[in-house]
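Read the structure below first, then the notes.
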Amino acid sequence: MDSATLLARITDYASRPNPYPLYAELREAGPVVQQADGSYLIGTYHEIAALLHDPRMSADPRTRGEVAHKPPFLRLDDPEHHRLRTLAMRPFGPPHSPRRVDSMRGEIDRITRELLQSFEAGRQIDIVDDFAYPLPVTVICRLLGVPREDEPLFRAWSDALVAAADVRPEDDSAEEDKAGDQARMEMGGYLVNLAEQRRGDPGDDMLSAFVNEPDPALRLTQEELAETAVLLLIAGHETTVNLITNGSLTLLRHPEQLDRLRREPELLPRAVEELLRYEPPVHMRGRVPHADIDVAGTEIPQHASVILALASGNRDPMRFDEPDRFDPARPDNQHLGFGSGIHLCYGGPLARIEAQAALGALLPHLGGASLVEDPPPYRQNAMLRGPRHLPIQL
Ligand code: HEM
C-alpha cells in the first residue's frame, strides 16, 4: 500500500487494537516517510531519539502559528520550558532529597488494596473502571490537592483536551480544537480557584506550594499556574491508566510470563519497563523544526509537521532483539515510553511506583482470570492508546 497514507491508516480507529504491523511497514518505508497531508512520519529508533535531543526541533505549536496562547511546558521550548519544568518538578526530585512521590508508596499500596477488595472469584470486573483508572486519579488528586469527588467534573474536561491533542492527519480537527480550548479554560479556571483557596492556608499539596511560593523569582503567573496544573492533572492519570491496563492485557495474553512473574516477583520492575516498550501508553509526539534539517538523507523543511512514532521506535529490530516478543527480563531496555531529551517525562518515577504496585497486587488475581473479549474495546485516541474497557472473568 501507499506509504503516504500510513498516518491516516495508523490513526484510523480500526487500527487501534494492533497498529504494530503498520509501524513495521513505516520502518520498512523509512526512516522518514512523507505523508499525503505534507507531514513527515518517523518510526525508527535512532532517528526518533536523535530528533528528541535536537535543539533545532520545537515542541511549541506557536512555531507553526497553530495556537495563540502560551501552551503548558510540555509544548514549550527552552529557556521558557526549562524554567517552568524546574518549578513544577520539585516534588518529583531531585533524587538526593526525600522525594514527595517516594513518600506516597505506602498510600499507593493502600489505595490498591482497597480497590482490590471487590475482586472476588467468579465475578466479572472491568480492569479500567474498577482498578486502572481510579488508582492514578486518586494519586494525582492527592499530590496536586484536587478533591477526588470532583472527578466527574474534570473527567469531561480531560476527555475533551485529550481528544484535541490527538495526532491525526491535518485539516481534520476544528471541532475538537474548539471543545479543547473551552475545556482548557474551564479546567484552568477551576484549578486556579482551588489554588487560591489555599493562599495563606497551605496544605501539603502542589497547588498550595504554587500559590504560597515566597520567592518572587519562583512564582508562576496565573496563566502559567492554570496551564501547569491542567498538564499535571491530565498527564498524571491519562497515561498511567493505559500502562496498568495494557500491562494486565499483555500478562493475560502471555500466561507463561504471568506465571513466571508470580514465581519471581523481583522481576516486576523490569517487566514494567518492558511494558513501556512493548505496549507504551504514548504512541506518538509531534515536533516542528525551526530550520531546514536533514534526517537520514531526507530534507525536512522548516516549520513542517514532524510526527515521531515512539511506539514504532520501541519495536525497531535495529535497536531491540526480537522486538515483537514480550520479555519481562529484557536486558538493555532503553525504551522511548517516557520520551527522551528535554521533555523526558518526570512523572516516570511516580508512574513506575503505581504500575509496580498495581500489577504486583493484581498478579494473584490474574492467575485464574480470563479475558472476556480479545481484543477489548479501545479508546478513540491514537496518541494515548489503550483499552476503554478490559472486562475479565475472575
Ligand atoms: C505510564 C505513565 C506515563 C507515560 C507513559 C508518560 C509519558 C510521557 C512522555 C512520552 C512524555 C514526553 C512528551 C514529549 O516529548 O512530547 C511525557 C512528558 C511529561 N509527563 Fe509523562 N508519562 C506518564 C506519567 C506521568 C505522570 C504520572 C506525570 C505527573 C504526575 C507525568 C507528567 C509529565 C510531564 C509534566 C511531562 C512534560 C515534561 C516536559 O515537557 O519537560 N507523566 N510523559
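Things to note:
Results for (1) at positive phi; (2) within 20 Å of the chain's Cα centre (by Cα); (3) of a type in the set (Asp, Glu), shown as yes or no for each residue.
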{"residue": "2", "(1), (2), (3)": "no, no, yes"}
{"residue": "12", "(1), (2), (3)": "no, yes, yes"}
{"residue": "39", "(1), (2), (3)": "no, no, no"}
{"residue": "44", "(1), (2), (3)": "no, yes, no"}
{"residue": "58", "(1), (2), (3)": "no, yes, no"}
{"residue": "65", "(1), (2), (3)": "yes, no, no"}
{"residue": "69", "(1), (2), (3)": "no, no, no"}
{"residue": "84", "(1), (2), (3)": "no, yes, no"}
{"residue": "101", "(1), (2), (3)": "no, yes, no"}
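- Every residue from region 221-248 that is over 20 Å from residue 383 (Cα atoms) and not in a helix (DSSP H, G or I): 221
- Check on residue 251, of a type outside the set (Phe, Trp, Tyr) and closer than 21 Å to residue 73 by Cβ: no
- Residue that is surrounded by the most Cβ atoms within 10 Å (Cβ to Cβ), among those in region 58-80 that are outside any loop (DSSP other than H, G, I, E, B) and more than 10 Å from the ligand (Cβ to nearest atom): 58
- Cβ-Cβ under 9 Å pairs, at least 6 apart or on other chains, region 301-318 side closer than 18 Å to residue 75 by Cα, far side crowded, with 17+ Cβ neighbours inside 10 Å and aromatic (Phe, Trp, Tyr): 304/40; 305/40; 306/40; 307/40; 309/23
- Top-ranked residue of region 175-210 - restricted to ones that are polar (S, T, N, Q) and farther than 15 Å from residue 140 by Cα, ranked as modelled with the lowest pLDDT: 182
- Here residue 266 fulfils each of the conditions (1) within 10 Å of the ligand (Cβ to nearest atom); (2) part of a helix (DSSP H, G or I) apart from (1).
- Filter result for residue 100 (part of a loop (DSSP other than H, G, I, E, B) and within 30 Å of residue 204 (Cβ to Cβ)): yes
- Within region 128-187, the residues that satisfy the criterion of being basic (Lys, Arg), surrounded by fewer than 20 Cβ atoms within 10 Å (Cβ to Cβ), in contact with a helix residue (DSSP H, G or I) (Cβ under 8 Å, 6 or more places away or on another chain) and assigned to a helix (DSSP H, G or I) are 142, 148.
- Checking each residue in region 191-218 for being assigned to a helix (DSSP H, G or I) and within 23 Å of the chain's Cα centre (by Cα) picks out 191, 206, 207.
- Selected residue [within 25 Å of residue 332 (Cβ to Cβ) and either more than 14 Å from the ligand (Cβ to nearest atom) or out of contact with any Pro (no Cβ under 9 Å at 6 or more places or on another chain) (or both)] from 218, 275, 207, 258: 258
Residues checked against (1) modelled with pLDDT under 90; (2) among the β-branched types (Val, Ile, Thr):
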| residue | (1), (2) |
| --- | --- |
| 72 | no, no |
| 80 | no, no |
| 107 | no, no |
| 110 | no, no |
| 120 | yes, no |
| 126 | no, no |
| 136 | no, no |
| 142 | no, no |
| 146 | no, yes |
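The rows are residues; the columns are (1) at pLDDT below 95; (2) among the β-branched types (Val, Ile, Thr); (3) closer than 30 Å to residue 232 by Cα.
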position	(1), (2), (3)
306	no, yes, yes
317	no, no, no
322	no, no, no
325	no, no, no
329	no, no, no
338	no, no, yes
341	no, no, yes
346	yes, no, yes
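- Members of region 341-384 that are within 16 Å of the ligand (Cβ to nearest atom), in a loop (DSSP other than H, G, I, E, B) and closer than 28 Å to residue 13 by Cβ: 345, 347, 379, 381, 382, 383
- Filtered residues of region 226-260 (kept if free of Cβ contacts under 8 Å to residues at least 60 places away in the same chain and either among the hydroxyl-bearing types (Ser, Thr, Tyr) or buried (at least 22 other Cβ atoms within 10 Å of the Cβ) (or both)): 226
- Remark: pairs (first residue in region 50-79, closer than 12 Å to residue 305 by Cα; second residue part of a loop (DSSP other than H, G, I, E, B) and β-branched (Val, Ile, Thr); Cβ separation under 7 Å; 6+ apart in sequence or on different chains) = 61/67.
- If the condition is being under 19 Å from residue 148 (Cβ atoms), small (Gly, Ala, Ser) and more than 6 Å from the ligand (Cβ to nearest atom), then region 225-245 contributes only 229.
The values are calculated or read from the model by the stated rules, or taken from the named source; none is laboratory data. Bear in mind the structure is a predicted one, so any value in this text is a computation, not a measurement. Note that each Cβ is placed from the backbone with ideal geometry, even for glycine, and that neighbours are counted across all protein chains shown.
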